[in-house]
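Trainee: Can you keep this structure in mind? I'll have questions shortly.
The values are calculated or read from the model by the stated rules, or taken from the named source; none is laboratory data. This structure is a prediction, so every number in the text was calculated from the model and none was measured. Here Cβ is always computed from backbone atoms with ideal geometry, including for glycine, and neighbour counts include all displayed protein chains.
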Amino acid sequence: MLHAVVMAGGSGTRFWPLSRRTRPKHLIALTARATLLQQTVERIAPLAAPERTWIITGSDHADDLRRQLPDLPGSSIIAEPCRRDTAPCIGLAATLVRQHDPAATLVVMPADHAIDSPDQFRACVAAAANLVAEDPRRLVTFGVPADRPATGYGYIQRGDPVPGPAIPAFAVRRFVEKPRREVAERLVREGDHYWNSGIFVWSAATILDEIRAARPELAESLVRIGAAWSGPARGNVLAQEYDAIRPISIDYAVLERSGHVVVMEAAFQWDDVGSWRAIERLSGRDDAGNTIRGQHVGLDTRGCVVLADAGQLVASLGVEDLIIVHSGNATLVAKKDQEESIKQLVDLIRQQGHEQFL
């Protein structure tokens, strides 16, 4: 059966000061009434019932997730003791799901993406699951047609078409990790590269076999964790094994090494909501080119993203192409074309001893 695995371990520093250590991006309602996490679970719910939906998160946020997802069994929310990137996260999920359902197929999704066409998304997941059923060795990822030279995304080059599915699918020729702008421009011109969505469909058994072949030390840790999961030593074993695991992404650990990866063209509207500019794409702009969330009074203000907490007012005069965010006890003012440096700014705040604002 199909099981949903939602990776909810990100910190969302690019959305500071709205996102904080205690309130990561996926726990915030950035573009709708529901949080990104709640939207992710709601989107897949018709294909994966609550007892087949699994959330992998950090131990600091597990209680917050349980409050946001009261319909999920408490045992479905798995807390990692420390962050170790996506390969250990996915391996842990596959290990635990396989204990419940040895023949499980997994759809693996980040918790912080925005998808405006849930019906089309589910149709793609169903089509990908069919590809896996036809050949359980397949590792299916979704490729988003690249319509601009985004340097913050990884790219997937498609190869020969895979016969059968109504939604186009192809063998993967290569992966390109977050290229320089001139390289990204060339990839878009060539027309055979997709953005890597980070959404996957595969057999739980297959991904564990692939991890074992590529990263045997990680596979051994997962076996020990799985063996202890139902016993009193679970917490100690999980902590000890995770502490020793080397952080690595599933792309580096498995996908770039495997000869069984298939990319299916994403027939849905997708945004990874990776920066404040995403709010413009998702929420639109007014006649002055501004995107406003909250109370704002602007004079001669153009092309800005402005966000204010409830009960707060932001006033702007004679400014253009800025990101202005007031949330809680902190305010951010940044040029839109420098938003990629917000993470560096957060690091600087930490280095200068202002942890209370993070």
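Trainee: Which count do you get for residues in the range 260-295 that are among the acidic types (Asp, Glu) and touching an Asp or Glu at 6+ places or on another chain (Cβ under 9 Å)?
Mentor: Total meeting the criteria: 2.
Trainee: Those residues that are without any contact (Cβ under 8 Å) to a residue 12 or more places away in the chain and more than 27 Å from residue 211 (Cβ to Cβ), I need them from the range 123-172; list them, please.
Mentor: Listed by number, the residues that qualify are 161, 163.
For every residue, the table says whether it meets (1) more than 25 Å from residue 131 (Cβ to Cβ); (2) in the same structural domain as residue 106 (by TED's automatic domain parsing); (3) surrounded by fewer than 23 Cβ atoms within 10 Å (Cβ to Cβ); (4) not hydrophobic (A, V, I, L, M, F, W, C).
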| site | (1), (2), (3), (4) |
| --- | --- |
| 17 | yes, yes, yes, yes |
| 25 | yes, yes, no, yes |
| 29 | yes, yes, yes, no |
| 57 | yes, yes, no, yes |
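Trainee: Can you find even one residue in the range 216-231 that is hydroxyl-bearing (Ser, Thr, Tyr) and within 22 Å of the chain's Cα centre (by Cα)?
Mentor: no
Trainee: Something else now. Of the residues 285, 234, which single one is among the basic types (Lys, Arg), without any contact (Cβ under 8 Å) to a residue 40 or more places away in the chain and in contact with a helix residue (DSSP H, G or I) (Cβ under 6 Å, 6 or more places away or on another chain)?
Mentor: Testing whether each residue is among the basic types (Lys, Arg), without any contact (Cβ under 8 Å) to a residue 40 or more places away in the chain and in contact with a helix residue (DSSP H, G or I) (Cβ under 6 Å, 6 or more places away or on another chain) leaves just 234.
Trainee: Let me ask you something else. Given the options 317, 299, 307, name the one that is closer than 20 Å to residue 345 by Cβ and either in a loop (DSSP other than H, G, I, E, B) or in contact with a strand residue (DSSP E or B) (Cβ under 6 Å, 6 or more places away or on another chain) (or both).
Mentor: 307
Trainee: Give me the pairs: first residue in the range 98-122 and of a type in the set (Asp, Glu), second residue assigned to a strand (DSSP E or B), beta-carbon distance under 7 Å, and six or more apart or on different chains, which are they?
Mentor: 101/3
To keep it simple, each residue is scored yes or no on (1) charged (D, E, K, R); (2) touching a Gly at 6+ places or on another chain (Cβ under 6 Å).
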| site | (1), (2) |
| --- | --- |
| 110 | no, yes |
| 123 | no, no |
| 127 | no, no |
| 143 | no, no |
| 148 | yes, no |
| 155 | no, no |
| 170 | no, yes |
| 193 | no, no |
| 198 | no, no |
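Trainee: Between a residue in the range 329-357 that is more than 25 Å from residue 152 (Cα to Cα) and any residue that is among the aromatic types (Phe, Trp, Tyr), which pairs come within a Cβ distance under 7 Å, given they are 6 or more apart or on different chains?
Mentor: If the second residue must be among the aromatic types (Phe, Trp, Tyr), the pairs left are 329/357; 330/357.
Trainee: Looking at 183, 188, 201 in this structure, which one is under 21 Å from residue 131 (Cα atoms) and of a type in the set (Val, Ile, Thr)?
Mentor: 201
Trainee: Could I ask something else about it? Given the residues 246, 224, which is the only one that is in contact (Cβ under 8 Å) with a residue 12 or more places away in the chain, over 26 Å from residue 176 (Cα atoms) and basic (Lys, Arg)?
Mentor: 224
Trainee: Determine, yes or no, whether residue 102 is part of a loop (DSSP other than H, G, I, E, B) and either of a type outside the set (Ser, Thr, Tyr) or at pLDDT 95 or above (or both).
Mentor: In short, yes.
Trainee: Right, something else. Go through the range 228-267 and count every residue that is among the aliphatic types (A, V, I, L, M), closer than 30 Å to residue 117 by Cβ and not in a strand (DSSP E or B).
Mentor: 5
Trainee: Looking only at the range 132-157, count every residue that is in contact with a Pro (Cβ under 9 Å, 6 or more places away or on another chain) and assigned to a strand (DSSP E or B) and tell me the total.
Mentor: The total comes to 1.
Trainee: Let me ask another. Kindly provide the set of residues from the range 162-206 that are surrounded by fewer than 17 Cβ atoms within 10 Å (Cβ to Cβ) and closer than 23 Å to residue 112 by Cα, ordered by number.
Mentor: Residues satisfying the conditions are 176, 177, 178.
Yes/no per residue for (1) closer than 20 Å to residue 247 by Cβ; (2) surrounded by fewer than 24 Cβ atoms within 10 Å (Cβ to Cβ):
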| residue | (1), (2) |
| --- | --- |
| 1 | no, yes |
| 8 | yes, no |
| 40 | no, no |
| 47 | no, yes |
| 50 | no, yes |
| 69 | no, yes |
| 88 | yes, no |
